[in-house]
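**Q** Okay, handing you the structure first.
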Amino acid sequence: VTAITPRKRRAAAGDPDIRMRDCVAGISHELRSPLACIIGWTDALTDGLIGPVSPDQAEILDLIGQNGRRVVSLVDDLVLLTGIETGITLPRLVDTDMADLVTTIVRDEIPESVRGSRTIDVDLPAAGLSAIVDRDLYTRAVSNLLSNATRFTPAGGCVSIRLRVADGLVELAVTDTGVGIDSPAAGRLFERFIHTEPVSGEGGRGNGLGLAICRAIAEAHGGRVTATSVLGRGSCFTILLPALADRPITEDSS
Amino acid sequence: MTATPRTILVADDEPHLLRLVKFRLERDGHTVVVASDGEAALDRIRETRPDLCVLDVMMPRKTGLDVLREMRADESLRHIRVIMLTARAQDSDVETGFGLGADDYITKPFSPQELRVRVTTQLDQRG
């Protein structure tokens, strides 16, 4: 079936969302070659290919490389977020066994090296629970929550992941016994570039887009996100997606 | 893993990046021919008959995709393996490139290992 898709109609009308997306894509494109140079030559120096490197120099080169990669991840995330928020990137929805998917995500996102002395508690429904999701985007949303939870939870703490159906919604909750968030910051958590303080010395700072991406992905699935937190006690983030019957209408994203 | 030394053409309009790719490939023992736009790339390809081309997509005069299209339409250049160098990952350039007969692509920024593996794979397949 060939029809005038919403995207084509909007492009024809010079839609500001399309212009925004193209602008972000253009910036990303222009940044990538210089970033490839910064990171590539830093790697060459680090590897000693240009000459001997002292330990002090190696440490600084490592900082340059890390920061270069941080800009790359920021650019990638900005492109992803803009695509989803403008509705130009549409989820590719596939009927998915959610317990399977969540198991895979937890395994990949919290390897032994990240887990450390934290307890990871996973609570999945016994029977097959399916939902219609974009597996890549859902994985991204959940892994952002897991990465925050481990980053903000000190050694010896606990991160629990629970998947269930509640009120006709597929709910994934990530609860941690971390540092928590004070109330003024809590209301704006899902906005871009809102930072709270991580546990010192661990994991470093995020790029300020993780939760905004999470929300955008949930909303693109016709769902939503929630956050509750008690300063000093921990936080709980949830992703709520419509169960099978309420699948959102979609079009091919090509 | 390193391939038998071969001649590789690298085309990119960003001189610093061109130098980086050349540096890495030369370290692996390859002979590297460079070009800073698509037209120059085609001239050098016809002159030197490289074993492999690494073509940036966005170049002045002729884009990397234009160069690829002309190579695939030319009986004497059709067999040369081509890796596209692209600034965007989730992007129609990649699909267009494969549609025109590109053999692989590398997204900027790339690790030295990725460059080596992709180049070696293409050179090995060429035999």
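The values are calculated or read from the model by the stated rules, or taken from the named source; none is laboratory data. Predicted model, so just to flag it, every value in this text is computed and none were measured. Positions of Cβ are backbone-derived with ideal geometry, glycine not excepted, and every protein chain shown enters the neighbour counts.
**Q** For A:G201, are the conditions met, namely being modelled with pLDDT under 85, under 14 Å from the mean Cα position of the chain (by Cα) and under 26 Å from A:R115 (Cα atoms)?
**A** Considered against the rule, which asks whether it is modelled with pLDDT under 85, under 14 Å from the mean Cα position of the chain (by Cα) and under 26 Å from A:R115 (Cα atoms), A:G201 comes out as no.
**Q** So, one more: Among (1) surrounded by fewer than 14 Cβ atoms within 10 Å (Cβ to Cβ); (2) at pLDDT 90 or above, there is one condition A:G223 misses while meeting the rest; what is its number?
**A** (1)
**Q** Moving to a separate point now. Can you list the helices (runs of 4 or more DSSP H) lying wholly within segment B:19-101 that have 1 or more residues being away from chain A (no Cβ under 14 Å) and either under 17 Å from B:T120 (Cα atoms) or among the hydroxyl-bearing types (S, T, Y) (or both)?
**A** Because the criterion is at least 1 residues that are away from chain A (no Cβ under 14 Å) and either under 17 Å from B:T120 (Cα atoms) or among the hydroxyl-bearing types (S, T, Y) (or both), the helices (runs of 4 or more DSSP H) in segment B:19-101 that meet it are B:38-48.
**Q** Within segment A:101-121, can you find the residues that are in contact with a helix residue (DSSP H, G or I) (Cβ under 8 Å, 6 or more places away or on another chain) and either farther than 24 Å from A:R224 by Cβ or in contact (Cβ under 8 Å) with a residue 40 or more places away in the chain (or both)?
**A** The answer is A:V102, A:I105, A:V106, A:D108, A:I110, A:V114, A:R115, A:R118, A:I120.
**Q** Among the numbered criteria (1) in contact (Cβ under 8 Å) with a residue 40 or more places away in the chain; (2) out of contact with any strand residue (DSSP E or B) (no Cβ under 7 Å at 6 or more places or on another chain), which single criterion is violated by B:G64?
**A** (2)
**Q** Read through the list (1) within 13 Å of the chain's Cα centre (by Cα); (2) of a type outside the set (K, R); (3) over 30 Å from A:D77 (Cα atoms), then give the number of the only condition that B:E47 fails.
**A** (1)
**Q** From A:D22, A:D76, A:D17, A:D43, which residue is out of contact with any Asp or Glu (no Cβ under 7 Å at 6 or more places or on another chain) and at pLDDT 90 or above?
**A** Of A:D22, A:D76, A:D17, A:D43, the one residue that is out of contact with any Asp or Glu (no Cβ under 7 Å at 6 or more places or on another chain) and at pLDDT 90 or above is A:D43.
**Q** Of all residues being outside any helix (DSSP H, G or I) and of a type outside the set (A, V, I, L, M) in segment A:26-60, which is nearest to B:S111 (Cα to Cα)? Just the residue, please. Quick ask: steps written out before the conclusion?
**A** Of segment A:26-60, the ones outside any helix (DSSP H, G or I) are A:47-54.
With the extra rule that they be of a type outside the set (A, V, I, L, M), the set shrinks to A:47-48, A:51-52, A:54.
Working: A:D47: 12, A:G48: 16, A:G51: 20, A:P52: 21, A:S54: 23 Å.
Step by step, filter segment A:26-60, then rank; the result is A:D47.
**Q** Across segment A:86-103, what is the number of residues that are within 14 Å of chain B (Cβ to nearest Cβ) and either crowded, with 19+ Cβ neighbours inside 10 Å or under 12 Å from A:V24 (Cβ atoms) (or both)?
**A** Result for segment A:86-103: 4.
**Q** Just checking, does segment A:73-85 include any residue being away from every other protein chain (no Cβ under 14 Å), of a type outside the set (F, W, Y), more than 25 Å from the chain's Cα centre (by Cα) and surrounded by 13 or more Cβ atoms within 10 Å (Cβ to Cβ)? Give the derivation first.
**A** Let us first name the residues in segment A:73-85 that are away from every other protein chain (no Cβ under 14 Å), namely A:85.
Then keep just the ones that are of a type outside the set (F, W, Y); that gives A:85.
Subsequent filtering for residues that are more than 25 Å from the chain's Cα centre (by Cα) retains none.
For segment A:73-85, residues away from every other protein chain (no Cβ under 14 Å), of a type outside the set (F, W, Y), more than 25 Å from the chain's Cα centre (by Cα) and surrounded by 13 or more Cβ atoms within 10 Å (Cβ to Cβ): absent.
Rundown of residues vs (1) in contact with an Asp or Glu (Cβ under 6 Å, 6 or more places away or on another chain); (2) under 17 Å from B:K22 (Cα atoms); (3) loosely packed, with under 15 Cβ neighbours inside 10 Å; (4) of a type outside the set (V, I, T), yes/no style:
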{"residue": "B:L68", "(1), (2), (3), (4)": "no, no, no, yes"}
{"residue": "B:V82", "(1), (2), (3), (4)": "yes, yes, no, no"}
{"residue": "B:S92", "(1), (2), (3), (4)": "no, no, yes, yes"}
{"residue": "B:G99", "(1), (2), (3), (4)": "no, no, yes, yes"}
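**Q** Can you say whether A:T46 is surrounded by fewer than 19 Cβ atoms within 10 Å (Cβ to Cβ) and either more than 10 Å from every other protein chain (Cβ to nearest Cβ) or within 30 Å of A:V170 (Cβ to Cβ) (or both), as far as the supplied structure shows?
**A** For A:T46, the condition - surrounded by fewer than 19 Cβ atoms within 10 Å (Cβ to Cβ) and either more than 10 Å from every other protein chain (Cβ to nearest Cβ) or within 30 Å of A:V170 (Cβ to Cβ) (or both) - is met.
**Q** Taking the stated definitions as given, is B:L42 under 14 Å from the mean Cα position of the chain (by Cα) and within 19 Å of B:D13 (Cα to Cα)?
**A** Yes: the conditions hold for B:L42.
**Q** Cβ contacts < 7 Å: first residue at the interface with another protein chain (Cβ under 7 Å from one of its Cβ atoms), restricted to segment A:22-41; second residue among the charged types (D, E, K, R) and in a helix (DSSP H, G or I), any location; separation 6+ or different chain. Result?
**A** Short answer, once both residue conditions are applied: A:I39/A:R69.
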